[in-house]
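A.B. asks: Here it is, the structure, as structure tokens.
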Amino acid sequence: MEMTPIGSVHSPRTEPLDDDWDTVTSTITLDAERFTPDALDGLDAFSHVEVVYVFDRVDPAGVQAGARHPRNNPAWPRVGIFAQRAKGRPNRIGVTVCRLLAVDGLTLTVHALDAIDGSPVLDVKPYLAEFAPRGEVRQPAWSHELMAGYWQAAPR
């Protein structure tokens, strides 16, 4: 299987910090050798996009295949890599729904994309409410604790 990035992220964040992503506004620029601006026609009618990107700075030696404590916090249970959203995933793929602020030529301006500067983007999709979970959403208490400051400044 071979994938070619469609573009890249331009972000003020250059390090993969764990929290406070709601303060980040980024751009995604599509590859001008492969796309023309009409590839984004109509996208500006959506409030949010789903961005698929690569954690390309994760050293392959640091990829997790088994269980670990999320964020290495022993207060949280050991869970498998597929029971968390850590960057050290087997294929190092990130997926985030973020607010679409603008479309200009081959550039999207987005808010709260948790990808660092230079991250390769594999795909951008409009977010459709019909793809949101149907029925009750369930998650363990430790995951709420982990995410407490992810989208906003952590309580001090």
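A.B. asks: From ASP38, ASP123, which residue is surrounded by 13 or more Cβ atoms within 10 Å (Cβ to Cβ), of a type in the set (D, E, K, R), at pLDDT 95 or above and farther than 24 Å from GLN152 by Cα? Spell out how you get there, then give the answer.
C.D. replies: Details: ASP38 fails: surrounded by 13 or more Cβ atoms within 10 Å (Cβ to Cβ).
Exactly one residue qualifies, and that residue is ASP123.
A.B. asks: Could you list, in sequence order, the residues of the range 116-156 that are basic (Lys, Arg) and over 18 Å from VAL95 (Cβ atoms)?
C.D. replies: Answer for the range 116-156, where residues must be basic (Lys, Arg) and over 18 Å from VAL95 (Cβ atoms): ARG134, ARG138, ARG156.
A.B. asks: In the range 14-34, which residues are touching a residue at least 12 places away in the same chain (Cβ under 8 Å), surrounded by fewer than 15 Cβ atoms within 10 Å (Cβ to Cβ) and hydrophobic (A, V, I, L, M, F, W, C)?
C.D. replies: Matches in the range 14-34: ALA32 only.
A.B. asks: Of all residues in the range 52-90 being out of contact with any Lys or Arg (no Cβ under 8 Å at 6 or more places or on another chain) and in a strand (DSSP E or B), which is surrounded by the fewest Cβ atoms within 10 Å (Cβ to Cβ)?
C.D. replies: Once the filter is applied, the top-ranked residue is GLY80.
A.B. asks: Can you name the number of the only condition in (1) free of Cβ contacts under 8 Å to residues at least 40 places away in the same chain; (2) farther than 18 Å from MET147 by Cβ that ALA83 fails?
C.D. replies: Tallying (1) free of Cβ contacts under 8 Å to residues at least 40 places away in the same chain; (2) farther than 18 Å from MET147 by Cβ, ALA83 fails exactly one: (2).
A.B. asks: Report, ordered by the first and then the second residue, all pairs with beta carbons closer than 6 Å, sequence separation of six or more or different chains, a first member in the range 42-69 that is within 29 Å of ALA132 (Cβ to Cβ), and a second member that is among the charged types (D, E, K, R) and crowded, with 17+ Cβ neighbours inside 10 Å.
C.D. replies: From the range 42-69, the pairs are VAL54/ARG92; PHE55/LYS87; PHE55/ARG92; VAL58/LYS87; VAL58/ARG92.
A.B. asks: Which members of the range 91-126 meet the condition of being outside any strand (DSSP E or B) and in contact (Cβ under 8 Å) with a residue 12 or more places away in the chain?
C.D. replies: Those that are outside any strand (DSSP E or B) and in contact (Cβ under 8 Å) with a residue 12 or more places away in the chain: ARG92, GLY105, LEU106, ALA112, LEU113, ASP114, ALA115, ILE116, ASP117, GLY118, SER119.
A.B. asks: For the range 8-51, give me the residue count where each residue is in a helix (DSSP H, G or I) and under 19 Å from the mean Cα position of the chain (by Cα).
C.D. replies: Qualifying residue count for the region: 4.
The values are calculated or read from the model by the stated rules, or taken from the named source; none is laboratory data. This is a predicted model, so every value here is computed, not measured. Methodologically, a virtual Cβ is constructed for each residue, glycine included, from the backbone with ideal geometry; neighbour enumeration extends over all protein chains shown.
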